[in-house]
Amino acid sequence: MIKAIRGTRDLLPPDSALWNFVEKTVREVFAAYNFHEIRTPIFEATELFARSVGEETDIVSKEMFTWEDRGRAQSEKNQSLTLRPENTAGVVRAYIEHNLWERGLSKLYYIGPQFRRERPQKGRYRQFFQIGAEVIGPATSGSESPVRDAEVLEMLSTLLNRLGIKEWRLELNSVGCAADRACYNEALRRALDPVKDKMCADCQRRAVTNPLRVFDCKVPEDQPIIETLPRIGQFLDEPCCQHFAQVKEILRAVGVEFQENDRLVRGLDYYTRTAFEFTHGALGAQNAILGGGRYDGLSESLGGPAAPGIGFAIGEDRLVMSLGKSADEVFRKPDVYIAPLGEGMNNPSARLARELRGHNIIVELGDAVFKLKKSFEAATKAGAKYILIVGENEVKASAFALKNLATGEQKSVPRDQLAHAIQS
Ligand code: AMP
């Protein structure tokens, strides 16, 4: 038997109804904040991720699904392609490619699969789904303003509340700008130099190449050392401090609770200033529902114009896990099962089904080869509320036997009153 690859999974009904419920709510909430959907390709040039997410990050250094694509003509060079491990890079690439800065501030969202070669475990997959949004534009469009950061965070809190997710926690930090990071990296290198030999192999490498990434380390033995390291907060320049202070001020004004976490640096290199995560206690070890932050220099590092921006990615798999709702609450079962009774009854049944479906009634249509007993079994299995019997006598009288499967109550209903009877 051929099975789904480890770390990937099938989404079956009724669970898929929960995902649809989430995505419908997301679209409604994001629309209220004037976000619009963007769809970018699932694979991109490998270089896009190396240059944005960062060569030294776990994502790029060990988790990407990358392959060499043979050039079609002999003269064409092979190209290295990668299944997208995240979607911000693709959105910023599209922003540059389509001159989106001409539109002022772009507020874009996406929903789709991402791919990382991670060790599969609960809440961590190799193909997983992210729902994300980006606010990006020239500085003149207000893209750099702390108002944007606070709006995005407030929108997320609204979304989680609307989905009925309780007990989420917003953790907030500022990772400063490029200049702050240069000073901070220097300080980190100095602090790590005498202790790095006691740390894991990854951290020993990070300490030299990209010391900030030491904070991504999950090795328990390294944590006491990491606790003693200087924090980025001490290295923020005045504009970065003020920006962060204003984000927090607006959040307080709109009543969104948050906790500052000065260890939060996120696992991607492009972040500047605001960085955040929403966590949820019920998720266990993989407790981050979503993460995001500002990326003011990203467009330029990809060869585009200056385009400050802020965005986030929600792990949809984890969002669904933290819903605290069962699929049955949102799964719509058939309102009625139509049971054609006897030869020649398929045609009038199909006509009736078409008519009722036009009234937004969910109809499951049986088959005249089924005996009545089998039709009842099929209707019960499908979870239908009613069964409607379509026999020769019913068609002649233009009145049909409608039976409520839960109560057993049965009545004869004239054709023109059927939709009403089923819906009430
Ligand atoms: P990141 O793109 O790493 O900032 O991740 C954003 C969110 O995506 C995380 O908070 C998780 O909810 C989700 N996520 C990241 N990696 C995975 C994965 N391998 N499986 C499931 N969800 C993931």
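Results, tabulated for the structure shown:
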read-out	value
The lone exception for residue 139 - which of (1) of a type in the set (Gly, Ala, Ser); (2) surrounded by fewer than 21 Cβ atoms within 10 Å (Cβ to Cβ); (3) in contact with a strand residue (DSSP E or B) (Cβ under 9 Å, 6 or more places away or on another chain) it fails	(3)
Flag for residue 223 being out of contact with any helix residue (DSSP H, G or I) (no Cβ under 9 Å at 6 or more places or on another chain), more than 14 Å from the ligand (Cβ to nearest atom) and closer than 19 Å to residue 312 by Cα	no
Selection from segment 302-338 of residues that are among the small types (Gly, Ala, Ser), within 16 Å of the ligand (Cβ to nearest atom) and farther than 30 Å from residue 144 by Cβ	322
Residue, farthest from residue 55 (Cα to Cα), within segment 86-96, restricted to residues that are part of a helix (DSSP H, G or I) and within 13 Å of the ligand (Cβ to nearest atom)	91
Residue list for segment 351-390, restricted to those being over 37 Å from the mean Cα position of the chain (by Cα) and in a loop (DSSP other than H, G, I, E, B)	366, 367, 368, 369, 370, 371
Leading residue by the ranking (nearest to the chain's Cα centre (by Cα)) among those in segment 214-238 that are outside any loop (DSSP other than H, G, I, E, B) and within 15 Å of residue 173 (Cα to Cα)	216
Filter result for residue 44 (away from the ligand (no atom under 16 Å from the Cβ) and assigned to a strand (DSSP E or B))	no
Residue match in segment 62-85 (condition: part of a helix (DSSP H, G or I), surrounded by 13 or more Cβ atoms within 10 Å (Cβ to Cβ) and either within 16 Å of the ligand (Cβ to nearest atom) or small (Gly, Ala, Ser) (or both))	no
First in segment 410-424 and at positive phi, second anywhere and modelled with pLDDT under 95 and exposed (fewer than 13 other Cβ atoms within 10 Å of the Cβ), Cβ under 6 Å, 6 or more apart	none
Segment 334-356: number of residues that are surrounded by 13 or more Cβ atoms within 10 Å (Cβ to Cβ) and of a type in the set (D, E, K, R)	2
Residue that is nearest to residue 144 (Cα to Cα), among those in segment 231-272 that are surrounded by 20 or more Cβ atoms within 10 Å (Cβ to Cβ) and within 16 Å of the ligand (Cβ to nearest atom)	272
Any hit, segment 219-226, residues being without any contact (Cβ under 8 Å) to a residue 40 or more places away in the chain, of a type in the set (Val, Ile, Thr) and exposed (fewer than 12 other Cβ atoms within 10 Å of the Cβ)	no
Cβ pairs under 8 Å, 6+ apart, first in segment 369-381 and under 18 Å from residue 402 (Cβ atoms), second of a type in the set (Ser, Thr, Tyr)	375/337; 378/337; 379/337
Residue among 186, 134 that alone is of a type in the set (Asp, Glu) and away from the ligand (no atom under 16 Å from the Cβ)	186
Of all residues in segment 274-296 being within 20 Å of residue 56 (Cα to Cα) and touching a Phe, Trp or Tyr at 6+ places or on another chain (Cβ under 7 Å), the one that is farthest from the ligand (Cβ to nearest atom)	294
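Residue-by-condition table, conditions (1) at positive phi; (2) at pLDDT 95 or above; (3) out of contact with any Gly (no Cβ under 9 Å at 6 or more places or on another chain):
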site: 328; (1), (2), (3): no, no, yes
site: 344; (1), (2), (3): yes, yes, yes
site: 353; (1), (2), (3): no, yes, yes
site: 363; (1), (2), (3): no, yes, yes
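The values are calculated or read from the model by the stated rules, or taken from the named source; none is laboratory data. What you see is a predicted model; the values in this text were computed from it and never measured. With ideal geometry, Cβ positions are generated from the backbone for all residues, glycine too; neighbour counts draw on all protein chains shown.
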